[in-house]
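Below is one structure, written out as structure tokens; comments come after it.
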Amino acid sequence: MAARLLEASHPERPRGRQYVSRVVDIESGKSRTLPLPVYALSPDAKWAISTDFRRLNDTRPGYGYAGIPDPNARRTPDDVGIWKMDP
């Protein structure tokens, strides 16, 4: 039996502060917010990875998100990478 998709995730930028992911249960309509945008979701949907999409937009235009400036645009920062989240 094939697995059914019960939730969907999409990036948001509430009030221009930072990028987050909104996860919506497609049957009930209930939603929750993850602190970072999802870059990739594990096959079992138990974890996701994220990156700094501001930085990604500077280094690979079209792959990141425009709109919030990258504070590290002109240097090699120590605080940029990928992060694992438990959605």
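The values are calculated or read from the model by the stated rules, or taken from the named source; none is laboratory data. Only a predicted model underlies this, so the values are computations on that prediction, with no experimental measurement involved. We place every Cβ from the backbone using ideal geometry, glycine too, and count neighbours over all the protein chains shown. Note: areas computed on protein heavy atoms with side chains; ligands, DNA, RNA excluded. Shrake-Rupley method; radii C 1.70, N 1.55, O 1.52, S 1.80 Å.
Observations
- Farthest positive-ward along the chain dipole, Cα basis, beta-carbon charges - from 82, 72, 45: 72
- Within the accessible area of the chain (1.4 Å probe), percent carbon and sulfur: 53
- Peptides 74-87, 27-40, ordered by how many other C-beta atoms sit within 10 Å of their residues on average, highest first, read 27-40, 74-87.
- Separation of the residue 73 and residue 28 label points, Cα + 7 Å toward Cβ, nm: 4.2
- Using the 1.4 Å probe convention, the accessible area of the chain works out to 75 Å² per residue with neighbouring protein chains retained.
- Here the spin labels are modelled as points 7 Å beyond Cα on the Cα-Cβ line, and at residue 13 and residue 60 they lie 1.9 nm apart.
- Overall dimensions of region 27-68 by Cα: Rg and Dmax, Å: 12.9, 38
- Counting Cα-Cα pairs of the chain in 5 Å increments starting at 0 gives whole-percent bin shares of 3, 13, 22, 23, 17, 11, 6, 3, 2, 0, 0.
- Dipole check for the chain: with +1 at the C-beta of Lys and Arg, -1 at the C-beta of Asp and Glu, and the Cα centre as origin, the magnitude is about 240 Debye.
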